[in-house]
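The structure appears below as C-alpha cells.
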Amino acid sequence: MKRLLVAAVAATAIASASVAAFAETKLDVWHVINIDKDMVHDGIKSFNEIDQNVQAEERIVPFAQLEPELLKAIATGDVPDAVMLASNSVPAFVVGNALMDLTEMVAGSDKVNGEDYHPGPWNSAQWDGKVYAVPRAANTLALYYNKDLLDEKGISVESLGTWDGLISAAEALTVPGERFGLAFSAIATEEGTFQFLPWLWQAGADIDTLDTPEAASALQVWVDLVKNGHSSKDVLTMRQFEGTSTFMAENAALVISGPWELPRIEKDAKFNWGVRTLPVKDGVNIEASALGDYNWVIPTGAKDPGASFKFIEYMTSEDVVKNAWDSGRLSARADIDVLVNQWPDAFATFNEQMKSARQRGPDPKYGEKSRVIQKAIQQAMTEELTVEAALTEAAAAIAKIK
Amino acid sequence: MVRVFLALPMAFLLILIGFPVLYNVLMSFQDVTLMTLPQFMRPWIGISNYTTLLGEKVTYEVLANTFVFVGGNVVFQIAIGLSLALFFELSFPGAKFMRGLFLVAWMLPPLVIGSVWKWLFATESGAINAILGSNMNWLSDPSTALWAVTTANIWFGTPFSMILLSAAVSNVPKELLEAASLDGAGPIRRFIYITLPAISASLLAVVSLTIIYSMRAFDVIWAMTKGGPVDSSTILPLFSYRLSFDEFKFGGGAAAANFAFIIVFIVALIYVRSIKHEKIL
C-alpha cells in the first residue's frame, strides 16, 4: 500500500511537472520587420525571458503578404495572438470587426496611456472613440541628398526647402544617360500613395479635394519631373526600396525616402550624404509629410487576449522603444527619449519632420481610395490622361466610395 | 475493395479541389465584407458582384490583357518549344545534357524570374536597353509593359513545353521518317506530313496546359510591374487578388476568379478529351 502511495505521489509529481512544462502560453506574433537591428527582435527575446510560461513566437511575414495572410487567418478562424498592422489599415479591419476592442484593457493598464503618445500615432490607433491598437513606432518621409554632388553644383541644402528650389536642383543635378536629379516612388501600390500625399498636402489639397487646382499642381510636379527627364520614368514601377538603391548607386542625386533606409544608406552609400525636411510649396508654405509605421493589434478570436495585451504592453514599453532609432524608427511615445547612438543629424531632421506628419485616413475605405489615387498618378504620368482629367476622374470615383 | 481505392481519390478531389471551387462560386453571389468573412452564410446578393464587374471599364481591359498574355504565351511557347525540341532531336554531342539544362529556367521560383526580368527591362540600368542601344521604358510604358511581362513568362514556360514536345517528337517512328526521306521528302515536308500529324495529340495537350498555366500566372507579373502602369499588365489573377486583398471586395474578387475558372475549365475539358483521343490512337 505504502509503495503504491509513493508511486501515486511520484506519478502526480511527474504529471504536474509536465503540466507546468506544457502550461506555457504560446503567443503567435506576426510582424513584417526583417531588419536585424530593429527593436522588435530583441524586444521579443527579452519578453520571453520575463516569464517562461508565456512565450512569444514570431513569424515574419513580408509586408505585401501580411494583410492577405491575416485575412486568410480571419476567414478560417485561426488567428494569431498579436499582429503588427500598418497604421493606415487599422480602421478597415476595425469596421470589419476583425480587431479586438482594447479600450477597457488600455483604461486598466498602467503601461499604455494615450497621453504619453504623439497625437498622430495615437489617433491612428483609434476608431469611433474606441482604442483598437497600440502604436509601436513612427516614421515619415524626408529628402536625402548627395552632399558631394550638391557641392559640385554649388547648390545649398537650404535651397531644397521649396518646390521650385527642389525642381531646379533636380534639373541641375541631372546628367542625361547617367544620373537623375530626384528619385521617388510612384508605384501602383500603397507606397506610391504614401509618397504622393505629402505633395498633395503641401499644395493645400487632400484626398477629398482631388479636382482642385491645388491637387493638380502637386501631380503636375511629378509629371514634369519625369517628362523633363529629371526623374526616371521607371518611378512608375519602382518601390521606395529601389528608388533609394538608385540614390545609393549615385544614379540619383536626391531621393525622398524614410528613416528605415538609414542602416542601408550608411553601409552602402560611398559619398557624403545628408537628409533634410521635405520642401514646401512656394507661397503656400504648408509643411507636410505622411505618417507611417505599424500598430500592434489583437485579432478578434485570439485565444488569450490578456496575454496578448501583456505582450503589447511590453513591446511598447520604454525598455523596448528606447532602441527604436537603432533601425531608424522614431518613438510614437512623446515621453520616451530614444537612444541616439547614430545618425544624430538625421534624427533631428526626422523628429522635425514628424511634427508635420499626417496620418492617412483614418478611413475604413482608405485602401480603395488609395487605389484610385494610384491610378490617377499613373494615368497622368504615362500621359494617358492630362493631370486635370485624371484627377477629375479620380475625384468622381472617390465621391462614389461610401 | 475497388470502391475503397476509388473513394480515397474522390474524397481527396472533393475536399481539396471541389470544396474551394464551390466555396468561391458561393462567395461570388454573396456580399462578403471583412465582418462576414469568417461566416459561411452571408447576405445573398445574386449576380450583383458580376454585374458590378461587367459595368466597369477596367474589367474589359483586364480580359483583353489576359487574352493577349495567354495568346502570346501559347503561340511563342509552342513555337519556340517545338523548335528547340526538334533541334535537340538532332543527335549531336551534349544534346541531351543541354536539353536538360534548359529546364533550369523552369525550376527557378517565379518571383526570382520576375525580379531578374525587372532588372533586364529597367530603363537606365537594364541589360536589354544596353544591348539594343535604346532608351525604352519597357515596364513603365503602358503600351509595352504587357509585352514585357509576357516575354518574361514565355521565357519561364518554354522549357516545360519543350520537354513535353521533346517526348512526343522522339516517339515519332523513325522508320516513317526514313521511308519518307527515301521517297525524296525534304526536312520541311517530313515535318509537315509525318512529324506534325504524329505529335498533334501531344501538341493539343501542350497548348491546353500552356493556356492553363498562363491563366494562373501571378508571381512573375507581380514582381515586375504589380499589374501597372495603369492596369496595363493586370491579368485576371492579379485583378482578383487586388479586389480581394487591396480593396477588401471579396465577392468581386471571387467573381473575377470565376471568370478565370470558367475559361480554364473549358480548356481543361478539351485537354481531357485530347488525352482520351491520344489513347485511341
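Can you say whether A:G181 is at pLDDT below 95 and within 14 Å of another protein chain (Cβ to nearest Cβ), as far as the supplied structure shows?
Criteria not met by A:G181.
Can you find, within the stretch B:242-251, the residue that is nearest to the other protein chains (Cβ to nearest Cβ) among those that are open to solvent by less than 20 Å² (accessible area, probe 1.4 Å) and touching a residue at least 12 places away in the same chain (Cβ under 8 Å)?
This residue is B:F250.
Quick grid of which residues meet (1) surrounded by fewer than 21 Cβ atoms within 10 Å (Cβ to Cβ); (2) farther than 24 Å from B:G46 by Cβ; (3) more than 14 Å from every other protein chain (Cβ to nearest Cβ):
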{"residue": "B:K226", "(1), (2), (3)": "no, yes, no"}
{"residue": "B:D231", "(1), (2), (3)": "no, yes, no"}
{"residue": "B:S240", "(1), (2), (3)": "no, no, no"}
{"residue": "B:G253", "(1), (2), (3)": "no, no, no"}
{"residue": "B:A256", "(1), (2), (3)": "no, no, yes"}
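Counting only residues that are crowded, with 22+ Cβ neighbours inside 10 Å and not in a helix (DSSP H, G or I), how many does the stretch A:194-204 have?
The total comes to 1.
Which residue out of A:A302, A:A324 is within 14 Å of chain B (Cβ to nearest Cβ) and small (G, A, S)?
So the residue among A:A302, A:A324 that is within 14 Å of chain B (Cβ to nearest Cβ) and small (G, A, S) is A:A302.
Are any of the residues in the stretch B:111-122 within 11 Å of another protein chain (Cβ to nearest Cβ), within 27 Å of B:L238 (Cα to Cα), open to solvent by less than 70 Å² (accessible area, probe 1.4 Å) and in contact with a Phe, Trp or Tyr (Cβ under 7 Å, 6 or more places away or on another chain)?
yes
Of A:D38, A:D81, A:D51, A:D116, which residue is of a type in the set (D, E) and under 30 Å from A:E250 (Cβ atoms)?
Only one candidate qualifies: A:D38.
Output the number of residues of the stretch A:71-89 satisfying the condition of being more than 22 Å from A:F241 (Cβ to Cβ) and within 12 Å of chain B (Cβ to nearest Cβ).
Counting residues in the stretch A:71-89 that are more than 22 Å from A:F241 (Cβ to Cβ) and within 12 Å of chain B (Cβ to nearest Cβ) gives 9.
Please go through the stretch A:90-104 and pick out each residue that is more than 13 Å from chain B (Cβ to nearest Cβ) and in contact (Cβ under 8 Å) with a residue 24 or more places away in the chain.
A:M100, A:D101, A:L102, A:T103
Show me the helices (runs of 4 or more DSSP H) entirely contained within the stretch B:189-281 in which 1 or more residues are within 27 Å of B:L22 (Cβ to Cβ) and in contact with a strand residue (DSSP E or B) (Cβ under 9 Å, 6 or more places away or on another chain).
B:250-280
State which residue pairs qualify: first residue touching a residue at least 24 places away in the same chain (Cβ under 8 Å) and inside the stretch A:292-311, second residue open to solvent by 10 Å² or more (accessible area, probe 1.4 Å) and of a type in the set (D, E, K, R) in any location, beta carbons under 8 Å apart, and separation of 6 or more residues or different chains.
Going by the 8 Å Cβ cut-off, the qualifying pairs are A:D293/A:R329.
Just to be sure I understand, how many residues within the stretch A:351-368 are touching an Asp or Glu at 6+ places or on another chain (Cβ under 7 Å) and either open to solvent by 60 Å² or more (accessible area, probe 1.4 Å) or within 14 Å of chain B (Cβ to nearest Cβ) (or both)?
2
Out of the residues in the stretch B:139-152 meeting the condition of being open to solvent by 10 Å² or more (accessible area, probe 1.4 Å) and either away from chain A (no Cβ under 14 Å) or among the polar types (S, T, N, Q) (or both), tell me which one is nearest to B:L111 (Cα to Cα).
Looking at the filtered set, the residue picked out is B:T151.
Determine whether A:T246 is within 13 Å of another protein chain (Cβ to nearest Cβ), among the β-branched types (V, I, T) and farther than 11 Å from A:A183 by Cβ.
Judged against the criteria, A:T246 is not a match.
What residue, among those in the stretch B:127-137 that are outside any helix (DSSP H, G or I) and more than 9 Å from chain A (Cβ to nearest Cβ), is surrounded by the fewest Cβ atoms within 10 Å (Cβ to Cβ)?
B:G133
Sort out for me the helices (runs of 4 or more DSSP H) sitting completely within the stretch A:1-79 that have 1 or more residues that are at pLDDT below 90.
A:2-22, A:63-76
Residue check: is B:I221 surrounded by fewer than 19 Cβ atoms within 10 Å (Cβ to Cβ) and either of a type in the set (A, V, I, L, M) or within 14 Å of chain A (Cβ to nearest Cβ) (or both)?
Taking the combined requirement at face value, the residue does not satisfy it.
Find the residue count for the stretch A:369-402, including only residues that are within 11 Å of another protein chain (Cβ to nearest Cβ) and β-branched (V, I, T).
Residues in the stretch A:369-402 being within 11 Å of another protein chain (Cβ to nearest Cβ) and β-branched (V, I, T): 4 in total.
Out of all the residues in the stretch B:23-36, is one or more open to solvent by less than 100 Å² (accessible area, probe 1.4 Å) and touching a Pro at 6+ places or on another chain (Cβ under 7 Å)?
Yes; the residues of the stretch B:23-36 include at least one that is open to solvent by less than 100 Å² (accessible area, probe 1.4 Å) and touching a Pro at 6+ places or on another chain (Cβ under 7 Å).
Go through the residues of the stretch A:229-239 one by one and say whether even a single one is within 14 Å of another protein chain (Cβ to nearest Cβ) and within 19 Å of the chain's Cα centre (by Cα).
Yes, the stretch A:229-239 contains at least one residue that is within 14 Å of another protein chain (Cβ to nearest Cβ) and within 19 Å of the chain's Cα centre (by Cα).
The values are calculated or read from the model by the stated rules, or taken from the named source; none is laboratory data. Since the model is a prediction, treat every value here as computed from it, not as a measurement. Neighbour counts run over all protein chains shown; Cβ positions are idealised from the backbone, glycine included. Just the protein is used for accessible areas: all its heavy atoms, side chains included, with ligands, DNA and RNA removed. Shrake-Rupley method; radii C 1.70, N 1.55, O 1.52, S 1.80 Å.
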